Structures are given as structure tokens and as C-alpha cells.
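Chemist: A single structure is presented below for examination.
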Amino acid sequence: VSPGLDTLGVMLAYTPLHLLLLERVGIPLVMTSGNVSELPICTSNREAVERLAPIADGFLMHDRDIVSRYDDSVVRVIGGYPVFMRRARGFAPLPVPLPIEAPEPILAVGPHLKNTFTLATGARAFVSQHVGDLENLETLEHFREALARYTELFRIEPGVVVRDAHPGYLSTREAEELGIPRVMEVQHHHAHVAAVAAEHGVTSPVVGVSYDGTGYGDDGLTWGAEILLADLCSYRRMGHLRYAPMPGGDLAARRPWRAAAGYLSLEPHQAPFFSRAFSDVPEEEKRMAEAQIERGVNAPAASSMGRLFDAASAVLGLRRVAYYEGQAAMELEARASEAVVGLSSRTADPTELAADEGVLTRIPALPFPMTPGPTDSVQVMDPLPLLVELGRRVDEGEEVAVLAAAFHLAVARATVELTARICGSTDVSQVALGGGVFQNALLLAIVERGLAARGLEVFVPRLLGPNDGSISYGQAVVGAARLSAEREG
């Protein structure tokens, strides 16, 4: 049994050993994988004893070898359909179709975080199990072991390797050092959009909405809230979130108050409405973050939807320090869902209630303006007025849960409005939604239904998840499409 946002997710016994344990103790058990946080699962008794002795009270040994590391798959039901949070045991390496056949075998090495890799040949793509974050030697060795096993199992010798555009990722280095004759790069958010379109067999242009935490942009800055006009070969950026500095870089994801500080730096006179974000933050640490922003040292500019959710959580006083990835955003969603249920006259899944206009009209409307970007064809969503209004209203005593719902609704409506506008100006009627932020059930439900109400055909992830676990498949899809175009041209 594992805790979820508002329900308990139940895992049935899937091995004889689990069944024997459950019968012996007679109560539900909380089970987790045999690994230290951020490291791969242990696969031998010796490895388990060495790594887990400091945290385990005892060991139940077994004489059966673990041949390959597989985490449990995790899914969440959104709008009546299962959506992958993590695709591994029971699903990988089942092949995923390619809408355009790969002219030659392809290896896509995937992203830096939530890494998977994909081997593609002909019309089939074999997406690996969840590998993890490529931030240590142990996980990199896991990547190499799994890749060697897949290459042997499926007898695929890739002639092309596809990597992320970020020059500093470990996956990028691996791609460059494999000795494969040709290396291609694919932008992170293009891969997200291509993955969703491709799993639905769509090869024509789509308007892709790609919302996540970070991805290396064409301008060298951090992208994360991108609306693209894309096909499987190329894309054009049509809309994005206003850039804000993130003091501490990746640390802002674990310190939501830092994301709030980045947005506040755009208009420092709005400081009174951000006061809750810095409550209990040591003054010296706050001054250091402000100095990073002022001097432009380790404070990269980001158009990140993930960091906007973190900032909103901090501004509402919900979460200033996150102890695990996504904690601030998940708590914000949980409070929003609580409000949606409370505003309804019936009990149901919050994602179902989000389709009820009677419920949505009871949620306050908050500002989320759009302004022209560097070119006439690019629109920029400005979240600062939204954050300021959140801070003002919570200070006036409005319920945090209702304001959390209002934040979700504002983001969703701005997304629907801008996406529909781009569809109209480009004569494209198909929309693909991808990126880790769309693991948020409430946001996905409101955006999907809002776009459908505009007469647009909406595609959401089904065979793979919306998060970075699908990036390698998207890379393989783009690689296959580009190779095919070259052969035909």
C-alpha cells in the first residue's frame, strides 16, 4: 500500500514471497524498493548488505538472482484513464509503435532526469524501464548494463544515436562516447510533443503544449513552459512563460521560496504580497539568493511551469522547503482538489468535477495576462500578476485551498486561450499535451476539456507517461522522421 494525494494506491502481491509475508503478518505492508534514495535497486545479497545496512533492521535473503533492475510501475487514473507516472515492471520492454519506420536502427539515450533509453528498428521502439536520474556513477552503470542487455536481447546494433540538446548531460556524454557513426540531437520539449503525437500515430503538424521543470532551450536558457508548432521533424516556438531567474539553479526545485524570489525580482516593489514565501527562511540565506539574482551568478533565467507551481505554493505559505521532488506542486494540487470537491454539491473525483461549469464559476478568476514576445508570432504568458494576486488574497483571509484551485484554473484557462489562438492562426486543429506538469490530474483535466470545447482534437499520453520517461521515445521518433526525410529528399 502506498500513499497518494487523496487516496491509497493498492499494490497486490506479485511474487510468492510477498504472498507468504502477507499471510504471515496478517496486516497490510508498506513496501518500497531495495535501494538508498537516488541510487539503483540492489540486485545481490552482498550489495544489499553493504548499501542498506545503515538503514535496515534486518535482511530476508533469497537464493534467486535478480537479473535486471526493474522498479514497480506507477500509474494514476485521470479522467477515467490510467496515466503512467513510471513505466517499468510489467510494461517495459513491450514495444511501442513508430508512426514512421526507422530506416536504420536507432538508439535514443534519453534525458538527464527520470532517464530511459529507446532502441528503435523498423516500426517498433523498445523503451527501457525507468533507469533514474543520471547524477551518480551507480545509475550510469545501471544505464550501461540495461543498454547492453537490450542490445543483446533484441539483436539491435544502432547506426544512429540521438541525444538531448543539453551539452552537459551525462546522457549526452554517453552518446558521444559510444562510437556510433552518427549523433543527432533533439530539443527536450520537441521530444515531449513528438512522443505524444507519435504514440497516437499522428505525423501531421500539431500544436504541442510541453510543461515541465527544465529543458535546454535553443537560446541557451532554461525552458519549461513551451507551446510549439511541431511535426515529427521540426518545431517552432509559439508561446512560453515569462523568464525569471532561479537563484541556486536546480536548488530552486527543492527550495520553492527561491522560485518565488526569482519572480519577485522582476518587480521588487511587490514584496509585501510575497511575505509568506519567506517566512522562516534564514535572512542570510535569503540575502545570498538575492545577491545571486543581482549578480547573475548561478541564477539561470527559466520559463519553467514546474517552478511557477513551486513559487505559487510558497506564496500561499504551503511549502517553502520541499523534501522530495514535486512535493510543493503535489500539495498545491491536493489543496486545489479539496476546494473543488468542497465547492460541489456532490462527491466525485475532482477531475470529473472540474468539467462542471457550476463548480468552476465558484472559483475566483485570477489574472494571467499575455504579451507579445520578441517576434509577433510568439506570445509570452506573464505569471507575476497571478502570483501577486494570490499573495494579496491570502493576506486578506481567503481560503488557501480555494486560491490553490484558482491558480490551477488560471493556468489552465491561459493555456487553453493561447493554444486555441495559435491553432487558429496556423490552421492546425490537433493538440498534444506532454511534460511532467501534466501529471497534475486537475490541470490536465481542465486543459483537455477546455481545448475539446474549442473544437480541437486533444492527444494525451497513454502508452507512455507525460514526464521525462517518454523523452527517449520522442527522440527516437524525431530521429526516424529526420532519417526518412533525408532518404526521401
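The values are calculated or read from the model by the stated rules, or taken from the named source; none is laboratory data. Bear in mind the structure is a predicted one, so any value in this text is a computation, not a measurement. Positions of Cβ are generated from backbone atoms using ideal geometry, with glycine treated the same way; all protein chains shown enter the neighbour counts. Side chains are part of the model used for accessible areas, which takes the heavy atoms of the whole protein and leaves out ligands, DNA and RNA. Shrake-Rupley method; radii C 1.70, N 1.55, O 1.52, S 1.80 Å.
Chemist: Is it the case that residue 201 is surrounded by fewer than 18 Cβ atoms within 10 Å (Cβ to Cβ), outside any strand (DSSP E or B), at pLDDT 95 or above and not polar (S, T, N, Q)?
Modeler: Against the criterion (surrounded by fewer than 18 Cβ atoms within 10 Å (Cβ to Cβ), outside any strand (DSSP E or B), at pLDDT 95 or above and not polar (S, T, N, Q)), residue 201 qualifies.
Chemist: Looking at residue 155, is it on the phi < 0 side of the Ramachandran plot and open to solvent by 60 Å² or more (accessible area, probe 1.4 Å)?
Modeler: No.
Chemist: Restrict the check to segment 381-391 and report whether at least one residue is farther than 18 Å from residue 446 by Cβ, surrounded by 15 or more Cβ atoms within 10 Å (Cβ to Cβ) and either among the charged types (D, E, K, R) or at pLDDT below 95 (or both).
Modeler: Scanning segment 381-391, I find at least one residue that is farther than 18 Å from residue 446 by Cβ, surrounded by 15 or more Cβ atoms within 10 Å (Cβ to Cβ) and either among the charged types (D, E, K, R) or at pLDDT below 95 (or both), so the answer is yes.
Chemist: Another question about this same structure. Does segment 77-97 contain any residue that is touching a residue at least 12 places away in the same chain (Cβ under 8 Å), under 17 Å from residue 198 (Cα atoms), open to solvent by less than 60 Å² (accessible area, probe 1.4 Å) and among the aliphatic types (A, V, I, L, M)?
Modeler: yes
Chemist: Then there's this: Out of the residues in segment 216-237 that are open to solvent by less than 10 Å² (accessible area, probe 1.4 Å) and within 22 Å of residue 416 (Cβ to Cβ), state the one that is farthest from the chain's Cα centre (by Cα).
Modeler: 230
Chemist: Which of the residues spanning segment 273-295 are surrounded by fewer than 18 Cβ atoms within 10 Å (Cβ to Cβ) and not small (Gly, Ala, Ser)?
Modeler: Across segment 273-295, the qualifying residues are 280, 282, 283, 284, 285, 286, 287, 288, 290, 294, 295.
Chemist: Of all the residues that make up segment 296-322, how many are open to solvent by 20 Å² or more (accessible area, probe 1.4 Å), more than 16 Å from residue 225 (Cβ to Cβ) and touching a residue at least 60 places away in the same chain (Cβ under 8 Å)?
Modeler: 5
Chemist: Still on this model: Among the numbered conditions (1) out of contact with any His (no Cβ under 8 Å at 6 or more places or on another chain); (2) surrounded by fewer than 22 Cβ atoms within 10 Å (Cβ to Cβ); (3) of a type outside the set (Phe, Trp, Tyr); (4) within 30 Å of residue 229 (Cα to Cα), tell me where residue 327 comes up short.
Modeler: (4)
Chemist: While we're on this one: Residues of segment 267-286 being outside any loop (DSSP other than H, G, I, E, B), over 13 Å from residue 390 (Cα atoms) and of a type outside the set (Asp, Glu), which ones?
Modeler: 268, 269, 278, 286, listed by residue number.
Chemist: Please enumerate the residues belonging to segment 455-476 that are in contact with an Asp or Glu (Cβ under 9 Å, 6 or more places away or on another chain) and not hydroxyl-bearing (Ser, Thr, Tyr).
Modeler: Within segment 455-476, 458, 459, 460, 461, 462, 463, 464, 466, 467, 468, 471, 475 meet the criteria.
One line per residue, one yes/no per condition, for (1) of a type in the set (Phe, Trp, Tyr); (2) open to solvent by less than 100 Å² (accessible area, probe 1.4 Å); (3) under 26 Å from the mean Cα position of the chain (by Cα):
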site	(1), (2), (3)
22	no, yes, no
25	no, yes, no
32	no, no, yes
37	no, yes, yes
44	no, yes, no
52	no, yes, no
59	yes, yes, no
63	no, no, no
70	yes, yes, yes
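Chemist: With the condition being over 16 Å from the mean Cα position of the chain (by Cα) and among the hydroxyl-bearing types (Ser, Thr, Tyr), I'd like the strands (runs of 3 or more DSSP E) fully within segment 80-150 carrying at least 1 qualifying residues.
Modeler: Qualifying strands (runs of 3 or more DSSP E): 81-86, 118-127.
Chemist: If you don't mind, another one. Give segment 29-57 a look and list any residue that's among the acidic types (Asp, Glu) and either part of a loop (DSSP other than H, G, I, E, B) or in contact (Cβ under 8 Å) with a residue 12 or more places away in the chain (or both), or say none.
Modeler: If the condition is that a residue be among the acidic types (Asp, Glu) and either part of a loop (DSSP other than H, G, I, E, B) or in contact (Cβ under 8 Å) with a residue 12 or more places away in the chain (or both), then 38, 57 are the ones that fit.
Chemist: Do you know which of the residues in segment 459-472 that are open to solvent by less than 20 Å² (accessible area, probe 1.4 Å), among the hydrophobic types (A, V, I, L, M, F, W, C) and part of a loop (DSSP other than H, G, I, E, B) is farthest from residue 161 (Cα to Cα)?
Modeler: 460
Chemist: Here are some residues: 351, 347, 371, 375. Which one is within 20 Å of residue 448 (Cα to Cα) and either at pLDDT below 90 or of a type in the set (S, T, N, Q) (or both)?
Modeler: Criteria check complete, one pass: 351.
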